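Undergrad: My structure is below; once you've seen it, I'll send some questions.
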2 protein chains.
Amino acid sequence: MINEIKAIARRHLAAEGANLSLRAVARDMGMVSSAIYRYFASRDELLTALIVDGYHALGDAVAAGDAEVTDRTDLRGRWLAACHAVRRWALAHPAEYALLFGSPVPGYAAPQETTVAAVRTPTVLIGILADGFASGALSDPGDLPGPVQGDLAAVRDGFFPEVPEALLSRGATGWMCCFGVVSFELFGQLDGLIQAREEYFDHQMRRMADLIGLPR
Amino acid sequence: MINEIKAIARRHLAAEGANLSLRAVARDMGMVSSAIYRYFASRDELLTALIVDGYHALGDAVAAGDAEVTDRTDLRGRWLAACHAVRRWALAHPAEYALLFGSPVPGYAAPQETTVAAVRTPTVLIGILADGFASGALSDPGDLPGPVQGDLAAVRDGFFPEVPEALLSRGATGWMCCFGVVSFELFGQLDGLIQAREEYFDHQMRRMADLIGLPR
DNA sequence: ACACATTCGAGAGCACTGCTCTTGACGACA
DNA sequence: TGTCGTCAAGAGCAGTGCTCTCGAATGTGT
């Protein structure tokens, strides 16, 4: 039942964009709006459920993209595959992507459960770097300013043991830039400027691979 | 009059977030909601006016940040100053930033006037690279795939004559990554992970300067 | 089989939204 | 004085999230 609600809500989200109407999904279910409140305490709670699902769907897609590269030592190929998976998922689910990474809803404060789901995609990306460091293909850039080092050490201890902070930082920068380029395209900032978007994205992610230090 | 409406709308935007209520700003002006429609045909038109203003305000702030660097040949210093100006403006005007760069409103299609205003900030950033190329401090990386080259040549001809496409591309990537990192911070994706945000931002923009090829 | 408890959904209603249309007040100009 | 344009008020429409109450259905225990 709550799965059916989520499915219809996702359909509405895809069709109409961010402003999801409880009454509309209730109408589509042949129910009255108040009946929804049996299953979700509020619209925010429904959105939270969709957000968590979205993070996992994106994480799955990115992990699958990485997994398709058979040569696991081809770090650059894995990086590019994962980045393209991010972009492909975003283009296929623009409304959900906007829900995850777009402007936060004013009154809405993301509960804890979303932040743990949010970490799935960067986990895949930085996992590629972790593999590279473990095999000796990547080295520690070792160029972090002091205060940042402390923050990243904590993140490392929580999620990525064995990865040096400076390398983790490179991966985080790469992830944020991937997010930036995808959002730019998806939110219409490239309209009328760039047509060859997949090629341009690929080019940019290759430059990010250079920045991270992934061997060619 | 329309300036007063915009000012109050901006205040509401800053206070309450993205969902701007026409009736609320009318209330604050001691008017009735329908009176607003004398000055703005719709809520979208008001938002468009605020968006255009926002792009210009951000562009002004970034240009001012760049202009504060007295040594005009210090390309890296200018790049960092401009990037920090972007971040500072975003943190000072989060709701307006979200309006400009966040998820687009479903029914809303950005009219032409917004896209010409949107180009102001990248103009400043890439202007730094143009200066560097003119003085010989920057060279043409010359590493663009074919389809992208065509798109960027058109952009170059429209906005940045004399700048080679590959260098323009580097600047665009830098701008998108700057946007990505700022949005990540502003949209809450860094919450609970990074405390030393200004330092981390500075570090990341330095790495982007490396990628662009700005001399140290 | 009967009585009880729980679950479910319908319906009315509140306060709010963007937006349209009509009506009436006010001031400038001829 | 009369006319015309500008302005804002008010009512109203269709929609929103959300709360509350009230029946009907569905078990469940004795």
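The values are calculated or read from the model by the stated rules, or taken from the named source; none is laboratory data. Keep in mind that this is a model prediction, so the values were computed, not measured. Using ideal geometry, Cβ is built from the backbone for each residue, glycine included, and neighbour counts are taken over all protein chains shown.
Undergrad: Got a sec? Which helices (runs of 4 or more DSSP H) wholly within segment B:1-94 have at least 1 residues that are touching a Gly at 6+ places or on another chain (Cβ under 9 Å)?
TA: Where helices (runs of 4 or more DSSP H) fall fully within segment B:1-94 and carry at least 1 residues being touching a Gly at 6+ places or on another chain (Cβ under 9 Å), they are B:2-16, B:43-67, B:75-92.
Undergrad: Something else about it: Could you check A:ALA67 against (1) out of contact with any helix residue (DSSP H, G or I) (no Cβ under 8 Å at 6 or more places or on another chain); (2) within 16 Å of DNA strand D (Cβ to nearest atom) and say which number it fails?
TA: (2)
Undergrad: Also, I was wondering about something else. Out of the residues in segment A:174-210 that are in contact with a Lys or Arg (Cβ under 6 Å, 6 or more places away or on another chain) and not small (Gly, Ala, Ser), state the one that is nearest to B:GLN112 (Cα to Cα).
TA: Once the filter is applied, the top-ranked residue is A:GLU185.
Undergrad: Which one is nearest to the other protein chains (Cβ to nearest Cβ) among residues in segment B:178-204 that are within 16 Å of A:PHE184 (Cα to Cα) and small (Gly, Ala, Ser)?
TA: Taking the candidates together, the pick is B:GLY180.
Undergrad: Kindly indicate the residue of segment A:32-49 that is more than 14 Å from chain B (Cβ to nearest Cβ) and of a type in the set (D, E, K, R) and also nearest to DNA strand C (Cβ to nearest atom) among those meeting that condition.
TA: Filtering segment A:32-49 for residues that are more than 14 Å from chain B (Cβ to nearest Cβ) and of a type in the set (D, E, K, R), the one nearest to DNA strand C (Cβ to nearest atom) comes out as A:ARG38.
To keep it simple, each residue is scored yes or no on (1) part of a loop (DSSP other than H, G, I, E, B); (2) not β-branched (Val, Ile, Thr).
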| site | (1), (2) |
| --- | --- |
| B:ALA110 | yes, yes |
| B:THR114 | no, no |
| B:GLN149 | no, yes |
| B:ARG156 | no, yes |
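Undergrad: Can you pull out every residue in segment A:163-193 that is part of a loop (DSSP other than H, G, I, E, B) and within 23 Å of the chain's Cα centre (by Cα)?
TA: Passing the criteria: A:VAL163, A:PRO164, A:PHE187, A:GLY188, A:GLN189, A:LEU190, A:ASP191.
Undergrad: Output the residue which, of all residues in segment B:17-31 that are more than 8 Å from DNA strand C (Cβ to nearest atom) and within 14 Å of chain A (Cβ to nearest Cβ), is surrounded by the fewest Cβ atoms within 10 Å (Cβ to Cβ).
TA: B:GLY17
Undergrad: Kindly indicate which of A:THR115, A:THR123 is under 27 Å from A:TYR55 (Cα atoms), modelled with pLDDT under 95 and of a type in the set (Ser, Thr, Tyr).
TA: One residue alone meets the criteria, A:THR115.
Undergrad: I would also like to ask the following. Somewhere in segment B:16-24, is a residue outside the structural domain of B:ARG88 (by TED's automatic domain parsing), of a type in the set (Asp, Glu), within 16 Å of DNA strand D (Cβ to nearest atom) and out of contact with any Pro (no Cβ under 8 Å at 6 or more places or on another chain)?
TA: No - not one qualifying residue is present in segment B:16-24.
Undergrad: While we're on this one: Report yes if some residue within segment B:68-86 is touching a residue at least 60 places away in the same chain (Cβ under 8 Å) and touching a Pro at 6+ places or on another chain (Cβ under 9 Å); otherwise report no.
TA: Within segment B:68-86 (the criterion being touching a residue at least 60 places away in the same chain (Cβ under 8 Å) and touching a Pro at 6+ places or on another chain (Cβ under 9 Å)), the answer is yes, since at least one residue qualifies.
Undergrad: Another one. Based on what the data block shows, is B:GLY54 within 24 Å of B:MET205 (Cα to Cα), more than 16 Å from DNA strand C (Cβ to nearest atom) and surrounded by fewer than 20 Cβ atoms within 10 Å (Cβ to Cβ)?
TA: Judged against the criteria, B:GLY54 is not a match.
Undergrad: For segment A:1-16, give me the residue count where each residue is within 20 Å of A:ALA110 (Cβ to Cβ) and either within 14 Å of another protein chain (Cβ to nearest Cβ) or not hydrophobic (A, V, I, L, M, F, W, C) (or both).
TA: 3
Undergrad: Separate question: Go through segment B:155-177 and give me each residue that's facing another protein chain (nearest Cβ under 8 Å) and of a type outside the set (D, E, K, R).
TA: Listed by number, the residues that qualify are B:VAL155, B:SER169, B:THR173, B:MET176, B:CYS177.
Undergrad: Here's something else I'd like to know. For segment A:145-167, state whether one or more residues are touching a residue at least 40 places away in the same chain (Cβ under 8 Å), in the same structural domain as A:LEU91 (by TED's automatic domain parsing) and small (Gly, Ala, Ser).
TA: No; the residues of segment A:145-167 include none that is touching a residue at least 40 places away in the same chain (Cβ under 8 Å), in the same structural domain as A:LEU91 (by TED's automatic domain parsing) and small (Gly, Ala, Ser).
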